[in-house]
Amino acid sequence: MAVTISRRDFLKGTAATAATLAVSTAFGGLYTQKAVLAEEDFDFSAYTETSTELYYEVLGEFYDSYQVALAAETVPERYALMAIAEAKLMESAVTLPTTTDGGYYRITKIVPGSGSSVMWGSDSYRMHNYLLTTEALKAADYTELRTMWNELRGTGTFMDSALAYLEENGYETKDDYSLNYNADAVTWDVLSSSLTVDCEKVVQTYDGLLEYDNENQLQPALAESYEVSDDGLTYTFHIREGVSWVDVQGREVAAVVADDFVAGLQHMMDAQGGLEYLIEGIIKNASEYIYGEITDFSEVGVEATDDTTLVFTLENPCSYFLTMLGYSVFAPMSRTYYESMGGKFGMDYDPSAADYTYGKGPDSIAYCGPYLVSSLTEQNSIVFSANPTYWNAENVRLQTITWKYNDGSDPTKYYTDFTSGTIDYVSLSDSIVQLAVDDGIFDEYSVVSGTGSMTYYNNYNLNRIALANFNDGTTAASSKTEEDVERCNQAMRNVHFRRALSFATDRGSMNAQSVGEELKLVSVRNSLTPGRFVTLDEEVTVDINGEATTFAAGTYYGAVMQAQVDADGVPMTVYSADADDGTGSSDGFDGWFNEENAAAEFETAVAELAEAGVEVSAENPIYVDLVYVSQVEALVNRANVMKQSMESILGGAVILNLVDAGDYDGWYYATYYPSYGYEMNCDINDGTGWGPDYGDPSTFLDTALPDYVGYTTKCYGLF
């Protein structure tokens, strides 16, 4: 009989026989039971001990610097010290930022600025306010509307001005929107998941306390108002009355009350879907509840004092607490509906119970948001229809949203679907730009989309264990021998080896396989946190390598980061003051790829590894696995570009094995779906990224924390 262990038990270090052991994967949002390893004992205590040792060996400087930043007394000092900590993270080269979202040619019917573009949380996925035209926007009009948004944001007048502009220029608007998607939701329980493929869909079905509008201003949603205590520890929200929870058929099942946010937060902490760390150390006793030190949820700092009053009590003042509320961890959940679906709380929570059906599909959640799911066929389509009972129904612009599945195997399908009117925007990959040129629409209608806050990255596996995908044990199987695995692990633990790999990775040429040669650098990102994510609102003096260094008010986060990198003498550019026409940015150039730097770092790595008894040469190379999707031409080409640049620059002493995952699912199970480092089936993980959850750099840096706290450390093969 399989034994299911909780994440709390896992953290304590449990040894078990893998053939009879399964780990509950509510942590990570996957509700399947999965085998840990086959036919051998797996000692969790030893695994955790190894992870801890490797973490501090590789990331100790980052961790120590980050702890100093977290203790900062002022927000500007906090930002500057976090930039210094991130410099240490970049210098460790365990992560190589690759690209961000956007920065490609597109033709679209979506009016720019009609949806939230805030850099953090879930609100940028919300679509109910999108303004769509019946015909594609001309490039000149798109640019004019984007300029208008930049001028009017914060005034509350952009939408009216945009509608007037469209009418003056002969456009008609419509109330339906169709788009492509390439992965179904794993769960419809948004509180139990950390996956974008879940959140981007489920967020259409509920409202939060506050939400960012299309001008990126925080507005009342289910909370009509709030107050903050003088000491910054108590936030009191007044819940909107007369709002209903309904089922998928639109039938009322309960009233929305303050307790729904209490129930939601407890369920989120019970499920441990991978984002509970966001409130650790923020909400009073949240950490203690998550790790089982207290079991009485009434001791956690969230309380409904009556049906319309919700009170949060914080551990310490938190300058960015309100910016967190737009994320799914603060989503409400109808307690009574959840219980009717077999849901329980606390130690009784058991998603594997026979009667537990909550979140298994769109028909097993309650809705209080702008849309109901009216149709779903997996790997085919999802249709969202306007919720007639929605409290703000009169301001929902789109009455229907239709998601249409596209596995990406035929890159021209995106374009033909757009030109036939099946979908309402198309990103023009390099392989289909020519189609738009041939049809005579490229020059008049194509625009370059802006870059966003999402950072995609390559991560290096320091402790490779899995040699096939955890879900089936066969997909994306490595050809490496045990000796190959051990040699690669030893090499990956050398900072100069990791830097050599990063400096030998031609990210621009890789990106060109998707966006074309002309745009290849537009979306290249050089840091984890976008360089302009925050600015110092007052002058700050901090210590950089023993020297007091002053940064003026208005200095971007990235400029402080680069100052530390320069002081440490590491030859990389993570932020350039000259980028973006002199505005400064971490995007739009390749500050890592450099053949001379790669060769120099590799020479040092080879010498150090030789001293440790690991010979590295063209005759005895290090074999490194990269998993790719053979169905998607651009991904095949990207993988081959990485292979060519890395192998040629490093003289054949590193061989990049391209391991075929077949399709997106295979790739995701190798790189994205794993909950723990031992499941990561790759040496270079290029299948993940991170978007900010709130408006503080810690939203990025927390992902690299140890002890099963950081979301990304699993990508390093740790924890």
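The values are calculated or read from the model by the stated rules, or taken from the named source; none is laboratory data. What you see is a predicted model, and the numbers here were worked out from it, not measured in a lab. Neighbour counts are summed over all protein chains in view; Cβ atoms, including those assigned to glycine, are modelled from backbone coordinates with ideal geometry. What goes into the accessible areas is simple: the full protein's heavy atoms, side chains included, and nothing from ligands, DNA or RNA. Shrake-Rupley method; radii C 1.70, N 1.55, O 1.52, S 1.80 Å.
Between the range 444-461 and the range 654-678, what's the alpha-carbon centroid distance in Å?
So the separation of the two Cα centres works out to 21 Å.
Would you list the P(r) distribution for the range 570-719, with all Cα-Cα distances sorted into 5 Å bins from 0 and each bin expressed as a whole %?
In whole percents, the pair-distance histogram is 2, 8, 12, 14, 17, 20, 17, 7, 2, 0.
Apply the Karplus parameterisation 6.51 cos²θ - 1.76 cosθ + 1.60, with θ equal to phi minus 60°, to every residue of the range 176-184 and state each ³J(HN,Hα) to the nearest whole Hz, in sequence, with x for glycine and proline.
My calculation for the range 176-184 gives 10, 9, 10, 8, 8, 9, 10, 8, 6 Hz in order.
Per-residue counts of other Cβ atoms within 10 Å, averaged by peptide: what ranking do you get for 588-597, 676-685, highest first?
Details: 588-597: 18.9, 676-685: 25.9.
Highest mean packing first, the order is 676-685, 588-597.
In whole percent, and with a 1.4 Å probe on the protein chains, what portion of the accessible area of the range 585-719 is carbon and sulfur?
The C+S portion of the solvent-accessible surface of the range 585-719 is 45 percent.
Quick one: go through the range 507-543 and flag any residue whose amide nitrogen is under 16 Å from the point 7 Å out along the Cα-to-Cβ line of Val709.
none
Please report, as a whole percent, how much of the solvent-accessible surface of the range 449-513 comes from carbon and sulfur atoms (probe radius 1.4 Å).
Reported share for carbon and sulfur atoms: 43 percent.
Rank Tyr56, His496, Val246 by how far each Cα sits towards the positive end of the charge dipole of the chain (+1 on Lys, Arg Cβ; -1 on Asp, Glu Cβ) and give me just the farthest.
Val246
Under 1.5 on a/c is rounded, so check that first for the range 114-230, then, if it is not, pick prolate when a/b is larger than b/c and oblate when it is not; a ≥ b ≥ c are the square roots of the alpha carbon gyration tensor eigenvalues. Don't jump to the answer; show the numbers that get you there.
Values: a/c = 2.47, a/b = 1.31, b/c = 1.89.
Judged from the Cα gyration tensor, the range 114-230 comes out oblate (a/c at least 1.5, b/c at or above a/b).
Per DSSP H run of at least 4 residues, take -39500 (n - 2.57); add these up for the chain, divide by its residues and hand me the 222 nm value, nearest 500 deg cm²/dmol.
Helix-only estimate at 222 nm: -9000 deg cm²/dmol.
Heavy atoms only, 1.4 Å probe, whole protein assembly: order His128, His496 by accessible area, highest first. All intermediate terms of the calculation are to be shown ahead of the outcome.
Details: His128 20, His496 40 Å².
Largest accessible area first, the list is His496, His128.
Classify the range 223-278 as rounded, prolate or oblate, taking a ≥ b ≥ c as the square roots of the eigenvalues of its Cα gyration tensor: rounded when a/c is under 1.5, otherwise prolate if a/b is larger than b/c and oblate if not.
oblate
Keeping all protein chains in the complex and leaving out DNA, RNA and ligands, what accessible area do you get for Thr583 with a 1.4 Å probe, in Å² to the nearest 10?
So the heavy atoms of Thr583 present about 70 Å² to solvent.
Protein chains only, probe 1.4 Å: how do Val540, Val257 rank by accessible area, largest first?
The ranking, largest first, comes out as Val257, Val540.
Which value, in Å², gives the accessible area per residue of the range 409-491 when a 1.4 Å probe is used on the protein heavy atoms?
That works out to 43 Å² per residue.
Give me the number: length gained by fully extending Val636 to Glu252, i.e. 0.36 nm times residue separation minus the C-alpha to C-alpha distance, one decimal in nm.
133.3 nm
Quick one: how many Å² of Ile107 are accessible to a 1.4 Å probe, rounded to 10?
0
Tell me, how many Å apart are the Cα centres for the range 76-102 and for the range 187-229?
That distance is 27 Å.
Ignoring ligands and nucleic acids, what accessible area does Arg153 show with a 1.4 Å probe (Å², nearest 10)?
Spelled out: Arg153, probe radius 1.4 Å, area about 130 Å².
Please calculate how many Å² of accessible area the range 520-675 carries per residue, with a 1.4 Å probe and no DNA, RNA or ligand atoms counted. It would help to have the intermediate numbers written out before the result.
Values: 6290 Å² over 156 residues.
Value for the range 520-675: 40 Å² per residue.
Going by a ≥ b ≥ c, the root eigenvalues of the Cα gyration tensor, does the range 679-719 fall in the rounded group (a/c under 1.5), the prolate group (a/b larger than b/c) or the oblate group?
Oblate.
Of the options Gly651, Ser675, Tyr694, report the single residue whose Cα projects farthest towards the positive end of the charge dipole of the range 601-707 (beta-carbon charges: Lys, Arg +1; Asp, Glu -1).
It is Gly651, whose Cα lies furthest towards the positive end.
So which of Lys201/Lys360; Lys201/Lys404; Lys201/Lys520; Lys88/Lys520; Lys480/Lys643; Lys138/Lys404 end up more than 23 Å apart by C-alpha?
Lys201/Lys520; Lys88/Lys520; Lys138/Lys404
Using the beta-carbon distance between Leu70 and Val437 and R0 = 45 Å, what value does 1/(1 + (r/R0)^6) give for FRET efficiency, to the nearest 0.05?
Here the calculated transfer efficiency is 0.30.
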